[in-house]
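Taking it in order: structure first as structure tokens, then the write-up.
The values are calculated or read from the model by the stated rules, or taken from the named source; none is laboratory data. Since the structure is predicted, the reported quantities are computational estimates derived from the model, not experimental observations. Reconstructed Cβ throughout: ideal geometry from the backbone, glycine too, with neighbour counts over all protein chains shown.
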Amino acid sequence: MKKLTCVALAAVMAFGLLAGCGEQSPAASDGSKANSGLSGSVATDGSTSMEKVIGSLGEAFTAQNPGVNFTYNPTGSGSGITAVSEGRCDIGLSSRALKDGEKALGLAGTVLAYDGIAIVVNNGNPVAELSVEDIAKIFTAEITNWSEVGGNDAEIVLIGREAGSGTRDGFESITDTEDACKYRQELTSTGDVITTVSQNINAIGYASLAAVGDKVKALKVGGVAPSETTVKDGSYVVQRPFILVTKADAKLSGTAQAFFDYVTSSEAAEIISKAGAVSAA
């Protein structure tokens, strides 16, 4: 009997050692952070202008937490705010500040980053700079020909975003052109604006600086080129915040809260910067 008891005890101890090893987080072969064990999902919805920033943050977060499923639905700022209010996502994304009526619905906004709104023209357009006043006159059709601002003798084609877009709201607020712009086309995403302007030498539009590549030319405004530096120091005046929208009176899930804490930390600042925006952390 003693012999059987000793054998059983040895087996239990061996099992305990194996179980203890199994509970340890596996070390990553590349030396990166070990799997935190976090699992679940994080659903975001809203601003198309925030696609590059939120996509980069989501990728970095899930790399550290492979058990997490991160999703982003690019519906526009207004739709993202509504999605949070209706409980259809964890975190809304808005490229404008919340309005008083939205705050009254119990929503809270946290500034994630700041983004310049680039005034973009076709690469073949000789105009390189405009003042805020000229931009306002162009988009309200007080100025209708490029020759009036040093360009070719050609009609200006105005490209804008749809009603509810955070980029449109920010642009019109800064240029004081709310409900006065005479758009030829109102498009539903930042990418559509850039593509359309790139295909029409007489077009002008506006787009998130974070999304502007070499397909179009970003104009100087008042002599200042849009960049991370000029957005951060405030010298580039056509800029707006990137906002994380949540319910003020409701807690996020543990996974969503972990994501929120990560993206608003100093650890995420470099990722935000590489995505073309300026971290608020």
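Taking the conditions (1) crowded, with 20+ Cβ neighbours inside 10 Å; (2) in contact with a helix residue (DSSP H, G or I) (Cβ under 9 Å, 6 or more places away or on another chain) in turn, V197 satisfies each one other than (2).
Taking region 158-174, which residues are within 15 Å of I194 (Cβ to Cβ) and in a helix (DSSP H, G or I)? If the condition is that a residue be within 15 Å of I194 (Cβ to Cβ) and in a helix (DSSP H, G or I), then T167, R168, F171 are the ones that fit.
For region 236-262, the set of residues classified as crowded, with 16+ Cβ neighbours inside 10 Å, touching a strand residue (DSSP E or B) at 6+ places or on another chain (Cβ under 6 Å) and aliphatic (A, V, I, L, M) consists of V238, I243, L244, V245, A256, listed by residue number.
Residues checked against (1) modelled with pLDDT of 50 or more; (2) touching a Cys at 6+ places or on another chain (Cβ under 9 Å); (3) not assigned by TED's automatic domain parsing to the domain that holds E186:
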position: K2; (1), (2), (3): no, no, yes
position: D30; (1), (2), (3): no, no, yes
position: D45; (1), (2), (3): yes, yes, yes
position: I54; (1), (2), (3): yes, no, yes
position: G58; (1), (2), (3): yes, no, yes
position: T75; (1), (2), (3): yes, no, yes
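Just one of (1) in contact (Cβ under 8 Å) with a residue 24 or more places away in the chain; (2) surrounded by 15 or more Cβ atoms within 10 Å (Cβ to Cβ); (3) of a type outside the set (F, W, Y); (4) in the same structural domain as I156 (by TED's automatic domain parsing) fails for A180. It is (2). For the structure I just gave you, tell me whether V132 is touching a Phe, Trp or Tyr at 6+ places or on another chain (Cβ under 8 Å) and not assigned by TED's automatic domain parsing to the domain that holds A248. In short, no.
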